1. Out of ALA213, ALA187, ALA147, ALA193, which single residue is among the hydrophobic types (A, V, I, L, M, F, W, C), part of a helix (DSSP H, G or I) and not assigned by the TED database to the domain that holds PRO56?
2. Take the range 161-209 and flag every residue that is among the aliphatic types (A, V, I, L, M), under 16 Å from PRO16 (Cα atoms) and under 14 Å from the mean Cα position of the chain (by Cα).
3. Consider ILE149 carefully, then state whether it is under 23 Å from the mean Cα position of the chain (by Cα) and not small (Gly, Ala, Ser).
4. Kindly indicate the residue of the range 70-123 that is of a type in the set (D, E, K, R) and part of a helix (DSSP H, G or I) and also most open to solvent (accessible area, probe 1.4 Å) among those meeting that condition.
5. Here are ALA150, ALA186, ALA162, ALA191: which of them is closer than 22 Å to GLY64 by Cα, at pLDDT below 90, out of contact with any Asp or Glu (no Cβ under 7 Å at 6 or more places or on another chain) and not acidic (Asp, Glu)?
6. For the range 212-239: of the residues being modelled with pLDDT of 75 or more and open to solvent by less than 100 Å² (accessible area, probe 1.4 Å), which is nearest to TYR23 (Cα to Cα)?
7. In the range 23-47, how many residues are farther than 19 Å from ILE196 by Cα and open to solvent by 30 Å² or more (accessible area, probe 1.4 Å)?
8. Mind checking which residues of the range 48-62 are open to solvent by less than 40 Å² (accessible area, probe 1.4 Å) and either over 11 Å from ILE108 (Cβ atoms) or touching an Asp or Glu at 6+ places or on another chain (Cβ under 8 Å) (or both)?
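The values are calculated or read from the model by the stated rules, or taken from the named source; none is laboratory data. This one's a predicted model, so the numbers in the text were calculated from it and none came from an experiment. Please note: Cβ atoms are built from the backbone with ideal geometry, for glycine as well, and neighbour counts cover all protein chains shown. Please note that ligands, DNA and RNA were not included when accessible areas were found on the heavy atoms of the full protein model with its side chains. Shrake-Rupley method; radii C 1.70, N 1.55, O 1.52, S 1.80 Å.
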Amino acid sequence: MDAYLEALKAYQSFNPAGWVALYRVLPMWAGIVSGVLGLVLLLAGGGRLFRVLAGPIGACIALGWTGLLLTRFSLGWADPRLINGIATALAIVGFLFPSIIVYLGVGIPLGLLGGEIAGPNDFVIGFAPGLILGGLIGVVLYRQMAAIIASCFGGWLLVIGAMAALHRFTGLVGVMAKQPWGIVIAAGLFALAGSIYQIAVRPSPEEAERQRAERQKLKQRKAEQKALEKRWSVPRGGE
């Protein structure tokens, strides 16, 4: 666990090479699982499945940003047990209230951006509006933001998972890792494609439910019509 936490520290700063280096601490089976989960997030992570995935996403948010936020608020580096506790709490919250994960997933990055713009001395002044307004926008546009958040996590998990699963079999992965911006761009393209697919192509849960209800009604009408024709048909022997 310490190795994973150490690797996740890279995500608390602008460090593309450190972000990509996460693949080195993942065993092959974890890389395969990450890749499959990433693909699922890209294709369907923003729909009803988001309630299930919001828990792990909430834990990732806690593991990646808790230490950074504590540092920005001049509270020092947190004990790993505290970070694990917050990650567990957010995982539970994500399963129960996925909209809170959307709030944090949109609000925290915008808050950090606002804090960086305001500067170290006025970090809170910049962070608070970004967190509040960004989080509210995320909740209002829940479906779209859920799809984008799921696709961002999915694109990164797919790329890092593939690298973790393959790097023991080919030196090409190590060569690619030396170009971290290429890896980031590839993950971003996957995330963009997944977001577009889920928002513009894949039916919303409400639309999918409506289509399912229409198919059920059509099937029922056909069954009733068939039963009626069978009831009123005249047997050949009675002609």
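1. ALA213
2. The one that is among the aliphatic types (A, V, I, L, M), under 16 Å from PRO16 (Cα atoms) and under 14 Å from the mean Cα position of the chain (by Cα): ALA187.
3. yes
4. Just the residues of the range 70-123 that are of a type in the set (D, E, K, R), to begin with: 72, 79, 81, 116, 122.
Within this subset, residues satisfying the condition of being part of a helix (DSSP H, G or I) are 72, 81, 116, 122.
Values: ARG72: 91, ARG81: 184, GLU116: 106, ASP122: 71 Å².
Of everything passing the filter in the range 70-123, ARG81 is most open to solvent (accessible area, probe 1.4 Å).
5. Sole residue among the options that is closer than 22 Å to GLY64 by Cα, at pLDDT below 90, out of contact with any Asp or Glu (no Cβ under 7 Å at 6 or more places or on another chain) and not acidic (Asp, Glu): ALA150.
6. ALA213
7. Residues meeting the conditions: 8.
8. Going residue by residue through the range 48-62, those that are open to solvent by less than 40 Å² (accessible area, probe 1.4 Å) are 50, 53-55, 57-59, 61-62.
Selection gives PHE50, LEU53, ALA54, GLY55, ILE57, GLY58, ALA59.
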